[in-house]
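The values are calculated or read from the model by the stated rules, or taken from the named source; none is laboratory data. Just so you know, these numbers come straight off a predicted model, no measurement behind them. Quick reminder, even Gly has a Cβ in these numbers, built from the backbone with ideal geometry, and neighbours come from all protein chains shown.
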Amino acid sequence: MADPARITDQSPTAEAATITDQSPMADPAASTDQSLPPEIAEKMTAAGFSPQVATLVEIIEDFARAQAEVRAKAARVAELERAAEEMWPLKRLLPLGESYELARRAAERGVLGATRVGGRWFCTKAEMERWVAATGRR
């Protein structure tokens, strides 16, 4: 019986598949002809991974995914920490003589970091101090 690996199909599709597999744009993980440099293969083996290109690609993808998750989590933690600050009614935090309408419009435009709950605006003391200093109101 003939060895299936030795049987060659001379059809145009088989030839195109061979050419495609050898193209430089082919997926590096799909190609088994590529070998890793010895120092990388040794480090992968020492770490408990099989020294193959597909494994290395998987490690890189996992690392990129983990980095994106860490950045998203850090952004969420920062958002929660900001939200955890004590919020005060906007009217109460305004310096004497400042117009509530001016501060409310600044909050609507996003210039003053405030949160609207129902019909009332709330702000942190730190954000009010930042806005007052930035606009030169004091």
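Close contacts from region 96-109, counting a first residue that is over 14 Å from residue 135 (Cα atoms) and assigned by TED's automatic domain parsing to the domain that holds residue 120 and a second that is of a type in the set (Lys, Arg) and surrounded by 12 or more Cβ atoms within 10 Å (Cβ to Cβ), with Cβ to Cβ under 6 Å and a gap of 6+ residues or different chains, come to 100/91. Only one of the numbered conditions (1) surrounded by 12 or more Cβ atoms within 10 Å (Cβ to Cβ); (2) on the phi > 0 side of the Ramachandran plot is not met by residue 129, and that is (2). Within region 112-138, the set of residues being part of a helix (DSSP H, G or I) and either in contact with a strand residue (DSSP E or B) (Cβ under 8 Å, 6 or more places away or on another chain) or within 20 Å of residue 81 (Cβ to Cβ) (or both) comprises 125, 126, 127, 128, 129, 130, 131.
Only one entry in 35, 50 is part of a loop (DSSP other than H, G, I, E, B), modelled with pLDDT under 90 and not basic (Lys, Arg), namely 35.
Does at least one position in region 55-64 carry a residue that is out of contact with any Ser or Thr (no Cβ under 8 Å at 6 or more places or on another chain), among the small types (Gly, Ala, Ser) and modelled with pLDDT under 95? No, region 55-64 contains no residue that is out of contact with any Ser or Thr (no Cβ under 8 Å at 6 or more places or on another chain), among the small types (Gly, Ala, Ser) and modelled with pLDDT under 95.
What number of residues in region 74-95 are more than 15 Å from residue 135 (Cα to Cα) and assigned to a loop (DSSP other than H, G, I, E, B)? The total comes to 3.
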